[in-house]
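> Quick one: the structure is below, and I'll ask about it shortly.
The values are calculated or read from the model by the stated rules, or taken from the named source; none is laboratory data. Bear in mind the structure is a predicted one, so any value in this text is a computation, not a measurement. Reconstructed Cβ throughout: ideal geometry from the backbone, glycine too, with neighbour counts over all protein chains shown.
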Amino acid sequence: MAPVVENLGWKFAPLPCSPTDVAFLIVALLVALLAPNTEEIFRLAQRARASEVAPPLWRLSRGWSTACALTFVVALLHLTGVTEFLYFQF
Amino acid sequence: MRSGSQYLLWFATITAIAGGVVAGVNLGVDPYGIHRPNTVQSRPRIRDLERMHKAHAIADANAEALLLGNSRVIVGLDPHHPALPATTYNLAISASNIYETLRYFQHAAALCSPRLVILGIDPGMFEGDSLPEVDFSEGRLAVTRDGRPQPGWARTDLAPTILSASAFVDSARTLAWRGPSIRYPDGMRDEALMTPYRTTRKLLAENERWKSRSREIRLGDRNGRAPQVEAFGELLRACRTNGARLVIFTNPVHAELLDLMRMKPGAYEDWMTRVVAAIDAEYPAAELWDFCGYNEITCEPFPGPDEPVSKMRWYWEISHYRREVGDLVLDALFSRPEARPGFGRRVTRETLAENFERLNRERASTRFAAISK
């Protein structure tokens, strides 16, 4: 395929990110596509309709509290960070 | 767990524990060497965060003497050289322009009372359009440019270095580091960080990088001002009002780089003339020494591509001289018996023209194979 694509004027270049970054992107994509979203976790809309609904995934439990707390801490830790010197600028 | 209050209590407990673990690790490891614990022996991450590290480290240095400049000074000038006071700190910062140097001097002068300042300069530091690097922060300096105290300066880096994911990752990298010890003793960059340039391939690649980036240095900016020259005047005044003896020297870059600096006829001479004029106007007692030239040291040949390991004695690569050269600079500045005759000379308004003639003469008659005619 490569010669054909290159004949069309496209070029192959190294990815501008590390294998770790690619792995992280794949995990993030799987989470985005497969994990339940907020609505599914809390089923807020279905509860409001007061119809026969499945119980929400979320409940008052230590597991959920721990997960939420850890998510909160991770978010908190990304609010700030150190700024590195960029060697390419000089 | 039946009630919302129990849920929230558990949430708060986990948050406090997780946050506490992160803060404790970051404080304990202190990957940037700013919180002063003595738990680890090597902090490789300082290299990328020198501005932050040095702004805090100078507060504890109680320095009588400061070494200022860019990475050439960080790498080449040893604060433990016998000619220097016992408490000398290398406050030079990578790719620094004169404005950043001025701000770090003001910061240091607000925290200690340096009586001696040694400043290494080259034309690139005076480039009119240059801006402070991205890791420079006004907020972490003890005074503003016009001298007003910033009492909260030491707190500005608390959150980023204690409660941040990037600091946590850097703590882990510090603990996992198995390379040579990186300590930045009194601000000097550890030689271990320069050892990659012992590999000829890396050295020659770095030379090419410098050559390809070489350009004419313009002192004026797009508004017709020369902000770095103005900052230089401010730095001279600041040293004078603080009662610090100021010794300025031109970095002895390799002759091939000096050729690139002198590429545009008259530009180098114009720069040095303005430096001398600023000294005369603001701090006539300050000394200026020129170490640029074409001699046995600056014309040291680079290794050929067929030599895998560099055996250069004086240079890491085209831009950075080794500590051995820095020692010769300090020997000359302090008239020590070890000084090498002919290496470095005092420049004043009276000797300026003679110094330019000397450069031209050396360039024209150079007998060193490393420099093509």
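> Determine whether B:Thr161 is more than 30 Å from B:Ile17 (Cβ to Cβ), in a helix (DSSP H, G or I) and of a type in the set (Val, Ile, Thr).
Answer is no for this residue.
> Six or more apart or on different chains, Cβ under 9 Å: which pairs go from a residue in the stretch B:1-23 that's more than 9 Å from every other protein chain (Cβ to nearest Cβ) and in contact (Cβ under 8 Å) with a residue 24 or more places away in the chain to one that's among the hydrophobic types (A, V, I, L, M, F, W, C) and surrounded by 18 or more Cβ atoms within 10 Å (Cβ to Cβ)? Could you list them?
Pairs that qualify, where the first residue is more than 9 Å from every other protein chain (Cβ to nearest Cβ) and in contact (Cβ under 8 Å) with a residue 24 or more places away in the chain and the partner is among the hydrophobic types (A, V, I, L, M, F, W, C) and surrounded by 18 or more Cβ atoms within 10 Å (Cβ to Cβ), are B:Ala23/B:Ile162; B:Ala23/B:Leu163.
> Report yes if B:Glu324 is free of Cβ contacts under 8 Å to residues at least 60 places away in the same chain, in a helix (DSSP H, G or I) and farther than 18 Å from B:Asn70 by Cβ, otherwise no.
yes
> Just name the residue that is farthest from B:Val117 (Cα to Cα) out of those in the stretch B:85-98 that are aliphatic (A, V, I, L, M), touching a helix residue (DSSP H, G or I) at 6+ places or on another chain (Cβ under 7 Å) and assigned to a loop (DSSP other than H, G, I, E, B).
Here the residue is B:Ala95.
> Right, another one. Taking the condition of being of a type in the set (D, E, K, R), touching a residue at least 12 places away in the same chain (Cβ under 8 Å) and within 14 Å of chain A (Cβ to nearest Cβ), how many residues in the stretch B:115-173 meet it?
10
> Another question, then. Kindly indicate whether any position in the stretch B:285-294 is without any contact (Cβ under 8 Å) to a residue 40 or more places away in the chain and within 21 Å of the chain's Cα centre (by Cα).
No, every residue in the stretch B:285-294 fails to be without any contact (Cβ under 8 Å) to a residue 40 or more places away in the chain and within 21 Å of the chain's Cα centre (by Cα).
> Can I ask one more? Let me confirm something: among B:Tyr32, B:Tyr89, B:Tyr99, which residue is within 14 Å of another protein chain (Cβ to nearest Cβ), of a type in the set (Phe, Trp, Tyr), within 22 Å of the chain's Cα centre (by Cα) and closer than 23 Å to B:Glu138 by Cβ?
So the residue among B:Tyr32, B:Tyr89, B:Tyr99 that is within 14 Å of another protein chain (Cβ to nearest Cβ), of a type in the set (Phe, Trp, Tyr), within 22 Å of the chain's Cα centre (by Cα) and closer than 23 Å to B:Glu138 by Cβ is B:Tyr32.
> Return a yes/no flag: does the stretch B:187-203 have any residue that is closer than 23 Å to B:Gly69 by Cα, at pLDDT 95 or above and touching a strand residue (DSSP E or B) at 6+ places or on another chain (Cβ under 6 Å).
Yes, the stretch B:187-203 contains at least one residue that is closer than 23 Å to B:Gly69 by Cα, at pLDDT 95 or above and touching a strand residue (DSSP E or B) at 6+ places or on another chain (Cβ under 6 Å).
> Taking B:Arg209 as the residue in question, decide whether it is surrounded by fewer than 18 Cβ atoms within 10 Å (Cβ to Cβ), out of contact with any helix residue (DSSP H, G or I) (no Cβ under 6 Å at 6 or more places or on another chain) and part of a loop (DSSP other than H, G, I, E, B).
Taking the combined requirement at face value, the residue does not satisfy it.
> Take the residues in the stretch B:110-135 that are in contact with a strand residue (DSSP E or B) (Cβ under 8 Å, 6 or more places away or on another chain) and outside any loop (DSSP other than H, G, I, E, B), then tell me which one is surrounded by the most Cβ atoms within 10 Å (Cβ to Cβ).
Going through the qualifying residues, I end up with B:Ile118.
> Then there's this: Being assigned to a helix (DSSP H, G or I) and loosely packed, with under 15 Cβ neighbours inside 10 Å is the filter here, so list the residues in the stretch B:136-153 that pass it.
B:Glu138, B:Gly139
> May I ask you to list pairs of residues, at least six apart or on different chains, whose Cβ atoms are under 8 Å apart, with the first in the stretch B:296-317 being at positive phi and the second being assigned to a loop (DSSP other than H, G, I, E, B) and at pLDDT 95 or above?
none
> Also, quick follow-up: Among helices (runs of 4 or more DSSP H) lying entirely in the stretch A:18-71, which contain 3 or more residues that are modelled with pLDDT of 95 or more and away from every other protein chain (no Cβ under 12 Å)?
A:19-34
> Right, here's the next one. For the stretch B:174-195, enumerate the residues that are without any contact (Cβ under 8 Å) to a residue 24 or more places away in the chain and either among the basic types (Lys, Arg) or exposed (fewer than 13 other Cβ atoms within 10 Å of the Cβ) (or both).
B:Ala176, B:Arg178
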